1. Which count do you get for residues in segment 93-149 that are at pLDDT below 90 and surrounded by 11 or more Cβ atoms within 10 Å (Cβ to Cβ)?
2. Tell me whether segment 16-30 contains one or more residues that are among the polar types (S, T, N, Q), at pLDDT below 95 and surrounded by fewer than 13 Cβ atoms within 10 Å (Cβ to Cβ).
3. Which of the residues spanning segment 101-149 are farther than 25 Å from Phe42 by Cα, of a type in the set (A, V, I, L, M, F, W, C) and either under 15 Å from the mean Cα position of the chain (by Cα) or part of a loop (DSSP other than H, G, I, E, B) (or both)?
Amino acid sequence: MPTQRRKSFLHRHSLSLVSAIILLIWIALYIRSNPTTHWGSFFGNAIADWTGLLVTVLATKYFYEVGSAESRRPPHRWLKPLWKILQYHSLTIFLAASGVGWIWLFAKSDPTSKWGTVISNIVSEWTQIAGLVLLTKSLLESHSKESRR
């Protein structure tokens, strides 16, 4: 039986790395663009979308939400009750805490400014991700791979 080589760091993390690079490209393009043009508006919206994609990839890799089809199962079953609750709901806790940070930043920014519109889109993206995690705990969709239990 042949031995399997361990995959390289780049291979194991290629989705998050490429997503981060694409996000950085959108940010660079937005910095150089006029947000009142179609392209500028597109780049700003792409920042929020790709931030959401990157956080979905990374957060579902490291955090858990028991019962959500969007989350893996937690590895440790013998934790003390408080730690177990924190671990079992760490994805929702992370999204809520970071979401409060984005909401605070949006509240402090000018919503009509170049970056204020991007932050408002990120707040919207965060609520969508948190909603998806929470809704998939109890709701199903026929013929969806994530809805099969």
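1. 10
2. Of segment 16-30, the ones among the polar types (S, T, N, Q) are 16, 19.
Add one more test, that the residue is at pLDDT below 95, and what stays is 16.
With surrounded by fewer than 13 Cβ atoms within 10 Å (Cβ to Cβ) added as a condition, the list becomes none.
Scanning segment 16-30, I find no residue that is among the polar types (S, T, N, Q), at pLDDT below 95 and surrounded by fewer than 13 Cβ atoms within 10 Å (Cβ to Cβ), so the answer is no.
3. Just the residues of segment 101-149 that are farther than 25 Å from Phe42 by Cα, to begin with: 133-149.
Right, trim to of a type in the set (A, V, I, L, M, F, W, C) and you get 133-135, 139-140.
Across segment 101-149, the qualifying residues are Val133, Leu134, Leu139, Leu140.
The values are calculated or read from the model by the stated rules, or taken from the named source; none is laboratory data. Keep in mind the model is a prediction, meaning the values are calculated, not measured. All Cβ positions, even for glycine, are placed from backbone atoms using ideal geometry, and neighbour counts span all protein chains on display.
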